[in-house]
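Working notes for the structure below.
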Amino acid sequence: MFNPCHPGEILREEVINALGLSVTEAARRLKITRANLSRILNEHASISPDLAVRLERAGVGRAEHWLRMQVQYDVWVAQHRDQPEVEPLAEVS
């Protein structure tokens, strides 16, 4: 079964670490707080549309790609979490 990684892991390993940037410097360049970036890199927060656009403007992929990765991760997590029984909204004929 496909288990997508959190996009923060990719941002941390393949961008921040690969470029030799500190979290502080990357946050400064992206104009977000160090704490917020740290939460994303440590997989405790999601990549927002605003951050996705900033990453694109910073030359790190397309905003849609970052958001697609986040959605894939979020859906996978939701599918593997206990969910309540739901009823169909429409009758199937």
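Work through the residues other than residue 4 whose Cβ is under 13 Å from its Cβ and net out their charges, Lys, Arg +1 and Asp, Glu -1.
Within the 13 Å Cβ shell, the charges total -2.
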| task | Under a 10 Å cutoff between Cα atoms, tell me which one of 51, 19, 67 has the largest fluctuation in the Gaussian network model of the chain. | result | 19
| Can you sort 66, 76 so the residue with the fewest Cβ neighbours within 10 Å comes first? | 76, 66
| remark: With Rh as the Kirkwood radius over Cα pairs, the chain has Rg/Rh of 1.12
| task | Could you give the size of the charge dipole of the chain about its Cα centre, using +1 on the Cβ of each K and R and -1 on the Cβ of each D and E, expressed in debye and rounded to the nearest 20? | result | 760 debye
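Please tell me the relative contact order of the chain in percent, rounded to the nearest whole number, where contacts are Cα pairs under 8 Å and at least six residues apart.
31 percent
Only loop residues by DSSP count here, and only those with at most 16 other Cβ atoms within 10 Å; note down the GluC sites (Glu not before Pro) in segment 26-93 that meet that.
43, 85, 91
Since every read-out is calculated from the coordinates, none of them should be taken as a lab result. In this text the structure is predicted, and so the values were computed from the model without any measurement. Ideal geometry is used to build each Cβ from the backbone, glycine not excepted, and the neighbour counts take in all protein chains shown.
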